[in-house]
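I am attaching a structure below and will ask some questions about it afterwards.
Each reported figure results from applying straightforward, stated rules to the coordinates on display, with no laboratory input. Source: prediction; values computed, not measured. In this analysis, Cβ positions are derived from the backbone assuming ideal geometry, glycine residues included, and neighbour counts consider all displayed protein chains.
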Amino acid sequence: MDFEKMKDAVKSIEMPETMKSRVKKNSNILEKEKSVRFNSKKWISVAFAVAVLLLIVIGIPLFDRNGNLVSNFTVTAYASSDDGNQLYTNLSEEKAIFELSTEQRIGVIGSVGGDGANLIFTNVMLNITGEDIDSITYTLSKGKFVEDVTLTAKERANKDWLLSEKIYFISTEPGSDISQGIKEIGNSYTVNYNEQDKYKYTLAIPHDGNDVIVEDMIIKVNVKYTDGNSEQQDIVVTQEPNSISLKLN
Amino acid sequence: MLQQAVWSTGQDIERIVDTYGNMLFRICLVILCNENDAEDVVQDTFINYLTKAPTFHDSEHEKAWLITVATNRCKNMRRFNFMRRHIDISDLQLYSKDVESYGLLDHLMKLPNKHKIVLLLFYVEGYKVDEITTLLNITSSAVKKRLQRGRELIRESYRKEND
């Protein structure tokens with residue numbers, strides 16, 4: 001394999017002139033729109049509104065639509081990116097956008113069974129923080145929680161075992177004995193508060209066959225406290241361009 | 001004054017597209033294996049450049065910034081694509097001047113992303129391991145491993161085809 005030839009091959013790729021002109025034209029149009037859009041009075045108004053909103057948030061306890069104090073726990077959504085960094089966001093009624101890597105799952109080549117072909121696999125995981133919490137139960141209105149698992153060549157060959165473990169999708173890099181599998185957990189699971197780190201379950205969202213999420217997905221988060229009381233918050237998952245958003249309902 | 005600013009921006013767009021357009025397009029095309037997606041990412045990268053107007057120490061810094069933004073955008077672009085899309089070998093003729101290069105490009109494009117990005121930056125763009133470490137925000141041992149594994153995979157793929 002001559003890597004010098006590979007370099008020449010890639011270097012020989014050129015952006016077509018028509019495409020280059022289109023890119024220049026679009027950039028010019030957007031740049032001009034940006035210049036026109038800037039309006040200092042408008043920005044002062046926006047800044048003022050944000051300042052007022054902040055004062056309200058800081059100064060007044062938060063109530064829900066029924067006049068009750070909002071829940072005593074915080075839902076954090078997080079995800080690992082390809083570079084190993086983790087993105088954390090405390091969920092609120094504002095949309096939290098996750099442009100998340102499903103890269104490791106894109107190259108899925110083996111389908112053992114199940115309906116995973118109609119699922120968008122995300123890297124989004126959830127975590128709860130609060131006081132005196134005993135356990136948390138997550139329930140999806142649709143879709144599934146899944147877990148990434150690593151398989152040896154022997155395990156990969158054992159189809160009965162794969163099915164019993166609900167490991168439905170497998171990808172293997174060429175020439176490697178190690179495979180990556182996706183294990184189906186189901187649409188609900190319960191985890192003890194102190195054991196959340198042990199459960200790395202991610203969201204798999206159903207799509208229409210063209211990577212489009214037709215309806216929003218609702219995640220019900222039910223928190224059980226040590227005194228026996230429980231509390232619930234709903235999270236709405238919506239598709240955005242090249243990403244998904246999560247917000248409290 | 002305003003007219004001068006608009007003129008400068010227009011001139012800047014011309015300059016960056018002429019200088020970096022081909023480089024970004026070939027990187028994106030090899031990563032995404034889809035010319036429309038590659039064009040979208042190149043367009044987004046230039047818009048990002050114009051919107052953020054970052055300050056650079058020199059042209060190498062500017063080039064590195066554009067590569068980082070484009071490769072990150074490529075990763076995002078693929079996140080919701082469940083199945084790997086791959087450009088047809090005959091389509092490569094539209095973008096490559098060299099007939100003998102088609103096969104080599106095909107082998108490269110079939111590699112997993114993390115390996116082909118590192119191979120592209122090392123062999124094609126001539127970046128050193130330390131520089132790739134900064135560009136991709138990964139450790140130097142990860143860069144070396146990806147280079148080694150990428151080389152093995154492409155050799156293996158090449159050998160299988162020629163056997």
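Restrict the search to the range B:116-154; then list the trypsin sites (Lys or Arg not before Pro) that DSSP places in a loop and that have at most 16 other Cβ atoms within 10 Å of their Cβ.
B:Lys128
While we're here: How much net charge surrounds A:Gly228 when only the other residues with a Cβ under 13 Å from the Cβ of A:Gly228 are counted, with Lys and Arg +1 and Asp and Glu -1?
-3
A:Val191: net charge of surrounding residues, Cβ under 13 Å, Lys/Arg +1, Asp/Glu -1, itself excluded?
Taking every Cβ under 13 Å from that of A:Val191, the sum is -1.
Output wanted: per-residue J couplings in Hz (rounded whole) for the range A:202-207, from phi through Karplus 6.51 cos²θ - 1.76 cosθ + 1.60, θ = phi - 60°, x for Gly and Pro.
10, 8, 10, 10, x, 10
Report the calculated FRET efficiency for B:Asn137 and A:Lys159 (r = Cβ-Cβ distance, R0 = 35 Å), to the nearest 0.05.
Details: r = 39 Å, r/R0 = 1.12.
Efficiency computed from Cβ-Cβ geometry: 0.35.
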